[in-house]
Amino acid sequence: MLGLCLTPLAEAGVSPLERMEGLVMPGKVIKRHAKFEKKCDKCHSGFDRMKQSGQCRDCHKAIATDIKKSRGFHGKIPRIKERECRTCHSEHLGRDADIVQLDKELFDHNKTEFKLAGAHVSLDCNECHKKVGVYRQPERHCSDCHESDEPHKQRMGKKCENCHIEGAWLPAFFDHSNTKFKLRNAHRESACFNCHVNERYDDTPRNCYFCHHLDDVHNGDRGIRCHDCHTDERWSQILFDHEKDTDFPLRGGHARLICKDCHQGHIFEDEVKTTCYGCHEKHDVHFKRYGKRCDVCHTEKNWIEIDFDHEVDTSFPLKGKHKDLSCAVCHREVLFEEQTPNTCSDCHRLDDAHEGQEGEQCEQCHNEKGWTEQVVFDHDITKFPLLESHILLTCEDCHASNKFKEAKVACTSCHEGDDVHEQKLGEQCELCHQPSHWMAWDFDHNELTDFPLDGKHEGLDCHACHTEPVDEEIELPKNCYGCHEKDDVHNTQLGKRCETCHITESFKEIKIK
C-alpha cells in the first residue's frame with residue numbers, strides 16, 4: 001500500500017526526502033508561494049527548522065538587507081537576527097491566508113523610517129501602499145503621491161519639503177535666505193507672486209527698478225540705483241545724508257520733514273532756499289518788524305521754543321510759574337517792544353481773591369511758585385498775633401472769605417459752638433483759657449474779682465453761681481441773699497444780711513457779730 005502511494009511521487013522526479021516531506025505537508029501555501037509548493041527545499045532544509053529563516057531571506061533579499069543594516073521596519077525589531085520569520089509569518093494555512101498578520105489599526109508607523117506626521121496620520125494604508133499585501137516599498141517622495149496636487153507643474157522641482165510641511169500645503173515655508181536675494185523688512189511681507197510673475201522663479205531680476213519702476217516718483221531722472229537713497233523698510237526712509245551731501249544739515253524740526261516739504265518737485269538738484277525767511281515768510285507773525293534773521297530768537301526745534309534769555313535781556317527775570325508761560329500770555333501783541341507791565345497786580349488783577357483789600361504788593365505774601373505755595377505773612381503785625389494752637393491753623397480756618405481785614409478777633413466769633421458755658425461766663429474767654437488748648441485754663445477768682453471764694457464757695461462749679469448768659473460784663477449779686485433766698489428758713493424776718501450770723505463754712509454754724 002505504501003509502495004502504491006510512493007510510486008506517483010517517484011514518477012514526478014522528486015527526491016525521497018521531498019517525497020517524505022510531501023506526505024507530511026500540513027496544508028496549502030498562499031497564492032504567492034504556490035509555485036514553490038512542490039519545491040519544499042526552497043523554504044525547508046530537511047527537518048532542520050533553524051535554517052528556515054535563512055531560506056526565507058534568500059528570496060526576500062530586500063528584507064534581508066534591511067535586517068543586516070538594521071534599517072526599515074524589520075531591521076529595527078529588537079534582536080531580529082536571532083528571531084525566526086515563522087514567529088510572525090506562518091505558512092500552509094491555505095491559499096487565501098494572511099501570513100503578514102498586520103493589524104492596520106494598531107501598527108506603530110513610528111517604528112519605520114517614515115514616521116507619520118501632520119495630514120499623513122489620518123491616511124488609510126492603501127493610499128500610500130498601492131501594491132496589495134506589500135508594505136515595504138511605498139512611494140517615498142512627495143511628488144510620487146502628490147503629482148496631481150502639485151500646482152507648480154514641476155517648475156519648483158520635487159523637493160516639496162523645502163517649502164511645505166506635512167500638516168497642510170498652505171501656508172508654505174521657504175527660506176529665501178538660501179537664495180541670492182535675502183528677504184528683509186518690507187520684502188518679507190510681500191507675496192511670492194508679487195515678484196515671481198507666472199510662477200517664474202529662476203533668473204528673477206534682483207534690482208529695485210525691475211519691480212518698482214512704476215513707483216518711481218523721479219520718473220527715471222535719478223537712475224535705477226534706488227538703494228543709494230532708499231531702504232527696503234519703506235520708500236520714505238532714505239539713506240541720503242543731508243548733512244554730508246548738502247550745505248544745509250537737517251536738525252530739530254527740519255529732521256522730521258519729508259523731502260517734498262522743501263523740494264516741490266522730484267528733481268532735487270533744483271535750487272532750494274536755505275534761509276529761514278525763504279521758507280517761513282508766511283509764518284512771520286511779527287510782520288517783518290524784526291527783520292528776516294529769525295534765528296536770532298528762534299531755533300530749529302520749533303517756533304515756540306526760542307533762544308531768548310529773558311533774565312539777561314530784560315529787567316524781569318522769569319522764575320517759578322513764569323518760566324512755563326508762553327510769550328503770548330504776557331505779551332498780548334506779537335511786537336514785544338511795547339511796554340509790558342511788570343507788577344503782579346498788572347497781570348493778576350482778576351486773580352486777586354482779596355479784591356484789592358490787601359493792596360497791590362502781592363509779593364509781600366505770595367511768591368512766583370504759585371498763589372498757594374509757601375505763602376508768607378507775619379500775623380504778628382496784626383492786632384491778633386498767632387500763638388500756640390492758632391499757629392497750626394490755615395488761613396481759611398479763621399478767614400471765611402478772602403477779605404482778611406473783616407475777620408473778627410473775639411474768641412466767640414470762631415468758638416461760639418465750642419462754648420460749654422453757654423455764654424454764662426461772658427465772651428472774654430481769654431480771661432480763663434489759654435490759646436494752647438481749651439482745657440488749659442487758669443482763673444483766680446480771688447485776685448480778679450471783688451468776690452473771693454472761701455468756705456463752701458471755694459469748691460463750687462462756676463455754673464452754680466453763673467446761671468444766665470451775659471453779653472458783656474458779668475454782674476452778679478455779692479450778698480448772700482442774692483443766691484440763697486430759697487434757703488432762708490427765717491422767711492426774711494431777720495433781714496437779708498445772712499453774714500451777720502452765718503459764715504461761708506456752713507449755714508448751721510452761727511457766729512453772731
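The values are calculated or read from the model by the stated rules, or taken from the named source; none is laboratory data. The model shown is predicted, which means the values in this text are computed figures rather than measured ones. Cβ placement follows ideal geometry from the backbone for every residue including glycine, while neighbour counts extend to all protein chains displayed.
Can you pull out the residues in segment 383-397 that are surrounded by 12 or more Cβ atoms within 10 Å (Cβ to Cβ) and either modelled with pLDDT of 85 or more or among the small types (Gly, Ala, Ser) (or both)?
Within segment 383-397, 384, 385, 386, 387, 389, 390, 393 qualify.
Condition first: outside any helix (DSSP H, G or I), loosely packed, with under 11 Cβ neighbours inside 10 Å and of a type in the set (A, V, I, L, M, F, W, C). Now tell me which residues in segment 180-237 satisfy that.
The answer is 191, and nothing else.
Which members of segment 424-468 meet the condition of being among the hydrophobic types (A, V, I, L, M, F, W, C) and either under 60 Å from the mean Cα position of the chain (by Cα) or outside any loop (DSSP other than H, G, I, E, B) (or both)?
Listed by number, the residues that qualify are 429, 431, 438, 439, 440, 441, 448, 462, 464, 465.
Taking residue 146 and the conditions (1) over 56 Å from the mean Cα position of the chain (by Cα); (2) surrounded by 13 or more Cβ atoms within 10 Å (Cβ to Cβ); (3) not in a loop (DSSP other than H, G, I, E, B); (4) not aromatic (Phe, Trp, Tyr), which numbered condition does it fall short on, given that it satisfies the others?
Every condition holds for residue 146 apart from (1).
Which condition does residue 349 not pass, out of (1) more than 30 Å from residue 468 (Cβ to Cβ); (2) in a loop (DSSP other than H, G, I, E, B); (3) of a type outside the set (Gly, Ala, Ser), if it passes all the others?
Against the list (1) more than 30 Å from residue 468 (Cβ to Cβ); (2) in a loop (DSSP other than H, G, I, E, B); (3) of a type outside the set (Gly, Ala, Ser), residue 349 comes up short only on (2).
If residue 71 satisfies all but one of (1) exposed (fewer than 11 other Cβ atoms within 10 Å of the Cβ); (2) more than 27 Å from residue 29 (Cβ to Cβ), what's the number of the condition it fails?
Of everything listed in (1) exposed (fewer than 11 other Cβ atoms within 10 Å of the Cβ); (2) more than 27 Å from residue 29 (Cβ to Cβ), residue 71 misses just condition (1).
Pairs, please: C-beta under 9 Å, at least 6 apart or cross-chain, first residue outside the structural domain of residue 174 (by TED's automatic domain parsing) and in segment 187-198, second surrounded by 10 or more Cβ atoms within 10 Å (Cβ to Cβ) and modelled with pLDDT under 85?
Nothing qualifies.
Residues in segment 32-49: is at least one over 23 Å from residue 114 (Cβ atoms) and in contact with a Ser or Thr (Cβ under 7 Å, 6 or more places away or on another chain)?
No, because not a single residue in segment 32-49 is over 23 Å from residue 114 (Cβ atoms) and in contact with a Ser or Thr (Cβ under 7 Å, 6 or more places away or on another chain).
State the number of residues belonging to segment 80-129 that are assigned to a loop (DSSP other than H, G, I, E, B), polar (S, T, N, Q) and surrounded by 11 or more Cβ atoms within 10 Å (Cβ to Cβ).
Total meeting the criteria: 2.
Out of 165, 77, 67, report the one residue that is aliphatic (A, V, I, L, M) and touching a helix residue (DSSP H, G or I) at 6+ places or on another chain (Cβ under 6 Å).
From the options 165, 77, 67, the qualifying one is 67.
Does residue 317 fit the bill of being touching a helix residue (DSSP H, G or I) at 6+ places or on another chain (Cβ under 6 Å), of a type outside the set (Val, Ile, Thr) and assigned to a loop (DSSP other than H, G, I, E, B)?
yes
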